[in-house]
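Q: Structure provided below as structure tokens; questions to follow.
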Amino acid sequence: MNGFYNIPEVMEELFLAWVPGPDPCQWPEHLREDPVRGYGLYCFYQGLSLGVRLEDACRQG
């Protein structure tokens, strides 16, 4: 593996639709001066939350 991942276009579309642009007010205070980690953590949290909700919806259906 060369460390490069092919991200499907649908993933980018979902990301752009789901995750807003960077807003330091949404990050933990200790990461507000580190925009890469702050935004990365926020995006990870949003993705994980969505995954948990999708998994829950699949189990109920």
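The values are calculated or read from the model by the stated rules, or taken from the named source; none is laboratory data. Predicted, not measured: the structure shown is a model, and the values here were computed from it. Quick reminder, even Gly has a Cβ in these numbers, built from the backbone with ideal geometry, and neighbours come from all protein chains shown. Note: accessible area is taken over every heavy atom of the protein model, side chains too, but ligands, DNA and RNA are not part of it. Shrake-Rupley method; radii C 1.70, N 1.55, O 1.52, S 1.80 Å.
Q: So which of ARG37, ARG32 is open to solvent by 100 Å² or more (accessible area, probe 1.4 Å) and among the basic types (Lys, Arg)?
A: Going through ARG37, ARG32 in turn, the sole match is ARG37.
Q: Can you tell which of GLY38, GLY51, GLY21 is without any contact (Cβ under 8 Å) to a residue 24 or more places away in the chain and either touching a Pro at 6+ places or on another chain (Cβ under 9 Å) or of a type in the set (D, E, K, R) (or both)?
A: After applying the criteria, what remains is GLY38.
Q: Look at segment 40-60 and say how many of its residues are out of contact with any Leu (no Cβ under 7 Å at 6 or more places or on another chain) and surrounded by 12 or more Cβ atoms within 10 Å (Cβ to Cβ).
A: Matching residues across segment 40-60 total 7.
Q: Just to be sure I understand, how many residues within segment 1-20 are open to solvent by 50 Å² or more (accessible area, probe 1.4 Å) and assigned to a loop (DSSP other than H, G, I, E, B)?
A: Qualifying residue count, segment 1-20: 9.
Q: Limited to segment 21-34, what total is found for residues that are more than 18 Å from LEU50 (Cβ to Cβ) and assigned to a helix (DSSP H, G or I)?
A: Number satisfying all stated conditions: 5.
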